[in-house]
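For reference, the structure discussed in these notes is given below.
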Protein chains: 2
Amino acid sequence: MAARDYGEYGGVTRALEIVGERWAMLIVRDLLVGPRRYGELAAGLPRIPTNILASRLKELQAAGVIHRVPRSRVIIYELTAYGRELEPIVLGLGAWGFKALDDPRAEQVITPDSLAIDLRSAFQPQVASTFPTTAYAARFGSAAVTLQVDGPTLLLGELDAPVDLSFAAGPDFRRLLSGDLPAQRAIASGEVEVLTGHSELLQRFTQTFRLAA
Amino acid sequence: MAARDYGEYGGVTRALEIVGERWAMLIVRDLLVGPRRYGELAAGLPRIPTNILASRLKELQAAGVIHRVPRSRVIIYELTAYGRELEPIVLGLGAWGFKALDDPRAEQVITPDSLAIDLRSAFQPQVASTFPTTAYAARFGSAAVTLQVDGPTLLLGELDAPVDLSFAAGPDFRRLLSGDLPAQRAIASGEVEVLTGHSELLQRFTQTFRLAA
DNA sequence: CGGGATCCCTTAGGATACTG
DNA sequence: CAGTATCCTAAGGGATCCCG
C-alpha cells in the first residue's frame, strides 16, 4: 500500500486508500445488500478477475471494512459496522451516477445486487408511507428482485407476504425510475409487462421508487 | 473507456466510471473548495503525475463534471452544477476516512484544500449557531486556512472580518477534532499554539468542528 | 465444488524531460 | 504556466490450475 497511497494526510485520501481501488466500492455495494460468499461476489461482478477479488477482500478485511465468517463449512463475507457506514455514500454515488446513465449497451448486464442498490437509492420513504404495505417482484433485463414496502421501510429479498405486483421490463430502467416514462404508457407500449397483480400498482411503484434524471 | 468500465448497467458503476479512477475524486475535492488553475491543482496533489492530471481533467470535462473557463489569459477549472452534486459524497467520504486515520507519517503532507474539506465535513452548523460570528485562522502542519463561522454557515478563505483567533498546530489534527484532546490541554501541552486572540476561543473551535473517531 | 493461488500479458499510472 | 512526450514499473485483465 506504499506506492498507491496519495502522500497526503486527510480524511478523503484515507477513505480512497481504503475503498478507492478499482472494484472495492462495488464489493462494498454488493455486501450492503447482504452477506455474500466468494462465488456469489464473483458472479455479481461479472468481469472481476479472481485474483483481484481475492486481494480486495484481504485489503478490505485488513482495513476493518469487512470480515470473513466461517459458517457451516462455507465462508461468508459481510460488512463490519464500519463498513456499513458507507451505505449513504454508496447510495449517493448510485443516485449521482444514475443521472449519467446512457442507454444500456448490449454487453452490459444488470446484476441483482446492483439493481437492489439502485432501487434503494431510488426509494422515497415519505411517499411510500402514504400507501398500504405492498410487495413487488420486479425484473429488469436478467436481474430480478423482490421488494416489500411497509410504510417508510423497504425490505429487499425476503418477503413475508404474497406478491401484489410482479412485472418484467427491459434493461433500461432509467426512464421508468426518472418518471420520463409514465407507468400506464410503459404498459401500453409493452415496455413493461405485468405478470401478476393489478397493473395500476405499477404507478405506485414508480412513485415509490424515483430518481431524478 | 472501453477496457476500464465495469460491464454493468447501474448507477454506482456509472458513477465509478466517471469519478472512480485514481486521483479523480481528489480533483473534485479540491475544486469543491473553489475554482483552480492547472498549476494550483498540481500543487494541491503533490504526487500526481502531470500527464495523469491532464487526462483526468479531460475525462471529467467529457463527463460534464468540470469545465475549463478561459479567464484573463489563464485557464480556470471549475465544477459544473452536476459536479457540485458530489459535495455530500466527498464530505461523507472525508468523515468516514477520518475515522481510519493513523498518526501522520513524515512523508505525508496536508494541503490547504484537503484541510478545508476536512473542516467542512467536521462543521457542526447547529452548534455553530449558538455562538456569535467568529473568524479563525488555523494552521495544521504546513497548511493554513481561514474560516468564518456566521451562524449556521461556514465561509472558507475570504474573510470580511478581523480574525478572532489564530493558532498553529502540528499535522495531527485528529485528536483535536475528535475531542480526544481537549482545547485547554492542547494549549497547556503546547500541541496547539495560540498566536492571536483569546485562547478560550479554541474551545469554541473544537465544538464547532467535530468529527467522531 | 467452493475458495482461492499462479501464470502471462496488457495497460494504466509513476517519474521525468521537454515544448508552445 | 499549461500542458505533451517518453520510458518504465506495477496493477489489472484473462485463463488455468490447485487444494481441501
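Of these, B:VAL127, B:VAL65, B:VAL109, which one is β-branched (Val, Ile, Thr) and under 24 Å from A:GLU85 (Cβ atoms)? Reasoning before the result, please.
Values: B:VAL65 fails: under 24 Å from A:GLU85 (Cβ atoms); B:VAL109 fails: under 24 Å from A:GLU85 (Cβ atoms).
Result: B:VAL127 is the single residue among B:VAL127, B:VAL65, B:VAL109 that is β-branched (Val, Ile, Thr) and under 24 Å from A:GLU85 (Cβ atoms).
Count, please, the residues in the stretch B:97-145 that happen to be in contact (Cβ under 8 Å) with a residue 40 or more places away in the chain, over 16 Å from the mean Cα position of the chain (by Cα) and at the interface with chain A (Cβ under 7 Å from one of its Cβ atoms).
Number of matching residues: 1.
Scan (1) under 19 Å from the mean Cα position of the chain (by Cα); (2) free of Cβ contacts under 8 Å to residues at least 60 places away in the same chain; (3) farther than 17 Å from A:GLY94 by Cα for the single condition A:ALA24 breaks and write down its number.
(3)
Looking at the stretch B:1-53 only, could you name the residues that are among the aliphatic types (A, V, I, L, M), touching a Ser or Thr at 6+ places or on another chain (Cβ under 9 Å) and within 15 Å of DNA strand D (Cβ to nearest atom)?
Listed by number, the residues that qualify are B:ALA42, B:ALA43, B:LEU45.
Restricting to the stretch A:67-78, and then to whatever is free of Cβ contacts under 8 Å to residues at least 40 places away in the same chain and away from DNA strand D (no atom under 11 Å from the Cβ), can you tell me which residue is farthest from the other protein chains (Cβ to nearest Cβ)?
Selected residue: A:SER72.
Of all helices (runs of 4 or more DSSP H) completely enclosed by the stretch A:1-111, which ones contain at least 1 residues that are more than 15 Å from DNA strand C (Cβ to nearest atom) and among the acidic types (Asp, Glu)?
On the way: elements: A:11-19, A:24-33, A:38-44, A:50-62, A:81-84, A:87-98.
Ranges flagged: A:87-98.
Determine the pairs where a residue that is without any contact (Cβ under 8 Å) to a residue 40 or more places away in the chain and hydroxyl-bearing (Ser, Thr, Tyr), located within the stretch B:202-213, has a partner that is outside any helix (DSSP H, G or I) and surrounded by fewer than 23 Cβ atoms within 10 Å (Cβ to Cβ) with Cβ atoms under 8 Å apart, the partner being 6 or more residues away or on another chain.
Close Cβ pairs (under 8 Å, with a partner that is outside any helix (DSSP H, G or I) and surrounded by fewer than 23 Cβ atoms within 10 Å (Cβ to Cβ)) amount to B:THR206/B:GLY179; B:THR206/B:PRO182.
Matching residues to (1) of a type in the set (D, E, K, R); (2) in contact (Cβ under 8 Å) with a residue 24 or more places away in the chain:
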{"position": "A:LYS58", "(1), (2)": "yes, no"}
{"position": "A:VAL65", "(1), (2)": "no, yes"}
{"position": "A:THR80", "(1), (2)": "no, no"}
{"position": "A:GLY83", "(1), (2)": "no, yes"}
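Which residue pairs have Cβ atoms closer than 9 Å, lie 6 or more positions apart in sequence or on different chains, and pair a first residue in the stretch B:166-195 that is within 14 Å of another protein chain (Cβ to nearest Cβ) with a second residue that is β-branched (Val, Ile, Thr) and surrounded by 14 or more Cβ atoms within 10 Å (Cβ to Cβ)?
Note: pairs meeting the criteria are B:ALA169/B:VAL192; B:GLY170/B:VAL192; B:PRO171/B:VAL109; B:PRO171/B:ILE110; B:PHE173/B:ILE110; B:LEU176/B:VAL192; B:LEU176/B:THR206; B:LEU177/B:THR206.
Check B:VAL33 against each of (1) away from chain A (no Cβ under 13 Å); (2) touching an Asp or Glu at 6+ places or on another chain (Cβ under 8 Å) and name the one condition it does not meet.
All conditions are met except number (1).
Which condition does B:ALA54 not pass, out of (1) under 30 Å from A:ALA62 (Cα atoms); (2) free of Cβ contacts under 8 Å to residues at least 60 places away in the same chain; (3) more than 10 Å from chain A (Cβ to nearest Cβ), if it passes all the others?
(1) is the only condition that B:ALA54 fails.
Within the stretch A:164-202, how many residues turn out to be closer than 23 Å to A:ARG105 by Cβ and of a type in the set (S, T, N, Q)?
Adding up the residues that qualify gives 2.
Among the listed residues B:GLY94, B:GLY64, identify the single one that is surrounded by fewer than 16 Cβ atoms within 10 Å (Cβ to Cβ) and at the interface with chain A (Cβ under 8 Å from one of its Cβ atoms).
Values: B:GLY94 fails: surrounded by fewer than 16 Cβ atoms within 10 Å (Cβ to Cβ).
That would be B:GLY64, the only listed residue that is surrounded by fewer than 16 Cβ atoms within 10 Å (Cβ to Cβ) and at the interface with chain A (Cβ under 8 Å from one of its Cβ atoms).
Give just the number: which of (1) under 17 Å from A:LEU16 (Cβ atoms); (2) within 8 Å of chain A (Cβ to nearest Cβ); (3) surrounded by 13 or more Cβ atoms within 10 Å (Cβ to Cβ) does B:ILE27 not satisfy?
Of the numbered conditions (1) under 17 Å from A:LEU16 (Cβ atoms); (2) within 8 Å of chain A (Cβ to nearest Cβ); (3) surrounded by 13 or more Cβ atoms within 10 Å (Cβ to Cβ), the odd one out for B:ILE27 is (2).
A short reminder: the numbers here are calculations on the coordinates, not readings from a lab. These numbers come from a predicted model, not from an experiment. Cβ: placed from backbone, ideal geometry, glycine included. Neighbour counts: every protein chain shown.
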